[in-house]
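Asker: Here it is, the structure in full.
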Amino acid sequence: MSGEQPESRGATARGEVQRVELSRRAQSAARRAAESKATIPHFYVGRRIEFEGPRGSGWPGAVLAAVAAALTDHPGLNAGYRDGSVERYSRVNLGLTLETQEGAQVPTVFDADQLTPAEIEARIETLGVAAAEGSLTAADFAGSTFTVTILGEGADTLAPIIAPGHCGHIGVGRARPATQANGDPSPTAIVSDLTLACDQRAVRPNMAAAFMERAVELLADRAGTGS
């Protein structure tokens, strides 16, 4: 969204209408979202992860590290569909959704499979500051091979949209206390729901399920140990 004041268009049957102009970046994102849903046949698979221990500030780094490692084990999802063929990418470059005043931006964490969770966390912090300042460059958005969106609060699940040129996008719901058998929140166990969107032209359901199995296994280990 832009920082400009909304333009009032007077009262209608819907009440007073205000028109808010999107920034150029937000307009571009809207066009890409429309292109994605119009041209990519989506299907979704989901898993719930549960692990012991509090969710610390390193949660996003743990998520991206687990996803990157799972992609190295299942390279069929580190790919994109193009003109009747599937292109597999040699680098694991994760696009990470960041919310800003101008809307969502998706800069790239390059070679995430070669980084530790702590190194990824530092990269996320740097990108977040640049996004807030509006200083991200075209190079920061180039070369992503898979997208990750992490919700901090407000919703348990997210069914994401696949970026053109990718065949997968994982949405991670808020991490929250697990519920005990008596209905009370657990003092130690944390749960989060993961939803994977796949391009059905490039990914088969069994491939998606195997990737999710590995991603959940890796994330539970990293989140539970904090490493």
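Asker: Based on the Cβ-Cβ distance from residue 206 to residue 17, what FRET efficiency comes out when R0 is 45 Å, to the nearest 0.05?
Answerer: On the way: r = 49 Å, r/R0 = 1.08.
The computed FRET efficiency comes out at 0.40.
Asker: Ignoring any ligand, DNA or RNA, what whole percent of the accessible area of region 20-148 comes from carbon and sulfur when the probe is 1.4 angstrom?
Answerer: 51
Asker: Let a ≥ b ≥ c be the square roots of the eigenvalues of the Cα gyration tensor of region 140-227; is it rounded (a/c under 1.5), or, if not, prolate (a/b larger than b/c) or oblate?
Answerer: On the way: a/c = 2.05, a/b = 1.89, b/c = 1.08.
It is prolate, given that a/c is not under 1.5 and a/b is the larger ratio.
Asker: Which whole-Hz ³J(HN,Hα) couplings does region 126-143 yield from phi under the Karplus relation 6.51 cos²θ - 1.76 cosθ + 1.60, θ = phi - 60°, glycine and proline marked x?
Answerer: Calculated HN-Hα couplings, in order: 4, 5, x, 5, 5, 5, 5, 7, x, 9, 5, 9, 4, 5, 5, 9, 8, x Hz.
Asker: Now for a different question. Let me spell out the model: positive unit charges on the Cβ of Lys and Arg, negative unit charges on the Cβ of Asp and Glu, origin at the Cα centre of region 76-227. What dipole size does that give, in debye rounded to 20? List each step's numbers first, then the result.
Answerer: Working: 10 positive and 19 negative charges, 95 e Å.
Once rounded to the nearest 20, the dipole reads 460 debye.
Asker: Express in nm, to one decimal, how much length is gained between residue 155 and residue 137 on full extension, taking 0.36 nm for each residue of separation and deducting their alpha carbon distance. Walk me through the intermediate numbers first.
Answerer: Details: separation 18, 0.36 × 18 = 6.48 nm, distance 3.04 nm.
This chain segment gains 3.4 nm when fully extended.
Asker: Hey, with R₀ at 41 Å, roughly what FRET efficiency would residue 118 and residue 82 work out to, going by the Cβ-Cβ distance, to 0.05?
Answerer: On the way: r = 35 Å, r/R0 = 0.86.
For R0 = 41 Å, the calculated efficiency reads 0.70.
Asker: In deg cm²/dmol and to the nearest 500, what is the mean residue ellipticity at 222 nm of the chain if only DSSP H runs of at least 4 residues count, each as -39500 (n - 2.57), divided by the residue total? Provide the component values of the computation, followed by the final result.
Answerer: Values: 5 runs with 73 residues, N = 227.
Roughly -10500 deg cm²/dmol at 222 nm, from the helical runs in the chain.
Asker: Quick one: net charge of residue 131's neighbours, Cβ under 12 Å, K/R +1, D/E -1?
Answerer: Summing Lys and Arg as +1 and Asp and Glu as -1 gives -4.
Asker: Please give the per residue accessible area of the chain, computed with a probe of 1.4 Å over protein heavy atoms only, in Å².
Answerer: Values: 11890 Å² over 227 residues.
The answer is 52 Å² per residue.
The values are calculated or read from the model by the stated rules, or taken from the named source; none is laboratory data. Treat the numbers as computed from the prediction; the structure is a model and nothing was measured. Don't worry about glycine lacking a Cβ; one is built from the backbone with ideal geometry, like all the others, and counts go over all protein chains shown. With ligands, DNA and RNA removed, areas are computed over all heavy atoms of the protein, side chains included. Shrake-Rupley method; radii C 1.70, N 1.55, O 1.52, S 1.80 Å.
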